[in-house]
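The structure under discussion is supplied below as structure tokens; questions concerning it will follow.
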Amino acid sequence: QVQLVESGGGSVQSGGSLRLSCAASRYPSSSYCMAWFRQIPGKEREGVAGIEFDGTTTYADSVKGRFTISQDKAEKTVYLQMNNLKSEDTAVYYCAASGLWYLCRGMNGNRPSFPYWGQGTQVTVSS
């Protein structure tokens, strides 16, 4: 099984930046998808960004140009650099992993069937 541990959440003022980290115990396959989702209370969990085994990235329209997903494969860690944060970015952010690379190609849709999830980390943006 894949275990995911997230860190880096916190409180920041509008326009500020945060970087989230997700460390994986192992990759689910050689052709994986690692992704970030977020959830606001009362709303369904939504995709934010995804990165595939070969470095291909996908972003939700709401974060394009502001967020950057990256990975350190040697450390089995993915990152989410969040810049120019807005109040609507306030949410619990979750790291997810799947052995199916193509699950990264749907960040504007609802939560797909990722088998592995982190515990979540709170991001609060104040104004």
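Would you check the accessible area of Thr57, probe 1.4 Å, heavy atoms only, in square angstrom rounded to 10?
60
Follow-up question, since we're still on this one. Measure out, as a whole number of angstrom, how far apart the alpha-carbon centroids of the stretch 28-81 and the stretch 92-121 sit.
The two parts, judged by their Cα centres, are 8 Å apart.
Hey, any idea what % of the chain's accessible area is carbon plus sulfur with a 1.4 Å probe?
Carbon with sulfur: 45 percent of the solvent-accessible area.
What is the Å³ per residue value for the convex hull set by the Cα atoms of the chain?
90
Okay, moving on. Suppose the Debye formula is applied to equal point scatterers at every Cα of the stretch 3-61; what is log10 I(q)/I(0) at q = 0.22, 0.25, 0.27 Å⁻¹?
Relative scattering, expressed as log10 I(q)/I(0), comes to -1.13, -1.27, -1.30.
Follow-up question, since we're still on this one. What longest region of the chain stays clear of GluC sites (Glu not before Pro) that DSSP places outside H, G, I, E and B and that have at most 15 other Cβ atoms within 10 Å?
76-127
Count the lysine pairs in the chain whose Cα atoms lie under 28 Å apart, taking only pairs 8 or more positions apart in sequence or on different chains.
Count of close lysine pairs: 5.
Write down the accessible area per residue of the chain in Å², having rolled a 1.4 Å probe over the full set of protein chains.
48
Given H placed on each backbone N at 1.01 Å, which residues far from Tyr116 in sequence or on other chains put an amide H within less than 5 Å of it?
Ala97
Let me ask something else about it. For Ser7, put the label point 7 Å out on the Cα→Cβ axis and report which residues of the stretch 59-102 keep their amide N under 13 Å from it.
Label zone hits: 77-78.
The values are calculated or read from the model by the stated rules, or taken from the named source; none is laboratory data. Because the structure is a prediction, the values reported are computed rather than measured. Cβ sites come from the backbone with ideal geometry, for glycine too, and all protein chains shown count toward neighbours. SASA here: full protein model, heavy atoms, side chains in, ligands and nucleic acids out. Shrake-Rupley method; radii C 1.70, N 1.55, O 1.52, S 1.80 Å.
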